[in-house]
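Structure first, commentary second.
A short reminder: the numbers here are calculations on the coordinates, not readings from a lab. Given the structure is predicted, the values throughout are model-derived calculations rather than measurements. Quick reminder, even Gly has a Cβ in these numbers, built from the backbone with ideal geometry, and neighbours come from all protein chains shown.
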Amino acid sequence: MFALLPFLSKKKPKEDLEIIRFVSLKFGYSIKNIFYFKKALRHKSFANNTGELSNERLEFLGDAILDSIIAEFLFIKFPEEDEGYLTKIKSKIVSRRTLGKIAGEMNLSSVMLFNKTRSINLETIGGNAFEALVGAIYLDGGYEKTKKSINNHVFRKYVNFNQVLEEEIDFKSKLFIWSQKNKLALRFEVVNEKNEGASWSYTVVVLINEKEYGQGIGSSKKRAEQAAAKETIELIG
């Protein structure tokens, strides 16, 4: 019986320990079956050399799971917003650029297996591996634990929602959608143009059914219109 103890207490390979620590630290998740996670971190450039399967199938699964989690998160976070707004923000969060940025901040490449002799875009394969890890967590622990990991760890640590909103919200488009939905006439009118030497200053007002609402000033007509639309949205609630 005692002869079995060394076998039972056999240490995990260094590679496995690094993955376990990484997933615990970055995702707040305790791995049960390392198999899924090793596959999730295996890029096809490495798999092609070893004959093993790459992370592409897990990436496909993770993409669908992540999409569902984010949709539910935004639905709860923005109870007053319509489908168009929620879709726009969701597409921003699940974009290749955002997922690649998250992977970069996590330093995901430090535990990935890929062919380092080839010219590879780390941001792209990092974002793909991130999705594959989401798929791995789902297979290992189920949907609720995956959702908890994404909401409580990934979003809090690596997604700046204020920045996403500032970059993505188009106040003018949002105002047009609202006016069309309510069958109201909407137009933007430049009421002042001023040459300030090296630049111009534009003042724009929003007219809804020919009644003035918000006003905006900007260094271009586009910026002035956005500012006017933003003020109008605040005025009409």
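A Cβ-based charge dipole, computed about the Cα centre of segment 171-236 with Lys and Arg at +1 and Asp and Glu at -1, lands at about 320 debye. Take the alpha carbon atoms of segment 36-107, find their center, do the same for segment 179-209, and report the distance between the two centers in whole angstrom. Value for the Cα centre distance between the two parts: 39 Å. Taking a point 7 Å from the Cα of Lys92 along the Cα-to-Cβ direction, the residues of segment 61-75 with backbone N closer than 17 Å to it are 70-75. Each Lys and Arg contributes +1 and each Asp and Glu -1, all at the Cβ; summed about the Cα centre of the chain, the dipole is approximately 1080 debye. For the residues Glu210, Glu59, Glu131, a GNM of the chain with alpha-carbon springs under 10 Å puts the largest fluctuation on Glu210.
The residue among Ser24, Gln163, Val94 whose Cα reaches farthest toward the positive pole of the charge dipole of the chain, with charges on the beta-carbon of Lys, Arg, Asp and Glu, is Ser24. Label sites at Gln215 and Gln163, each approximated as a point 7 angstrom past Cα along Cα to Cβ, lie 3.5 nm apart. Ranked by the mean number of other Cβ atoms within 10 Å of their residues, highest first, the peptides 230-237, 133-140 come out as 133-140, 230-237. The slack in the chain from Glu105 to Glu193, taken as 0.36 nm per residue of separation less the alpha-carbon distance, amounts to 27.3 nm. The Cβ shell under 14 Å around Leu25 holds other residues with a net charge of +2, Lys and Arg each +1, Asp and Glu each -1. Would you work out which of Ala71, Ile150, Thr232 lies farthest towards the positive end of the dipole of the chain? Charges go on Cβ: Lys and Arg +1, Asp and Glu -1. Of the options given, the answer is Ile150. Of the peptides 30-43, 211-224, the ranking by mean beta-carbon count within 10 Å, highest at the top, reads 30-43, 211-224.
Spacing of the modelled spin labels on Ser24 and Lys12, each 7 Å from Cα toward Cβ, amounts to 0.7 nm. Against the compact-protein benchmark of 2.2 N^0.38 Å, the Cα-based radius of gyration of segment 171-236 scales to 1.11. For the chain, relative contact order (Cα pairs under 8 Å, six or more residues apart, normalised by length) works out to 17 percent.
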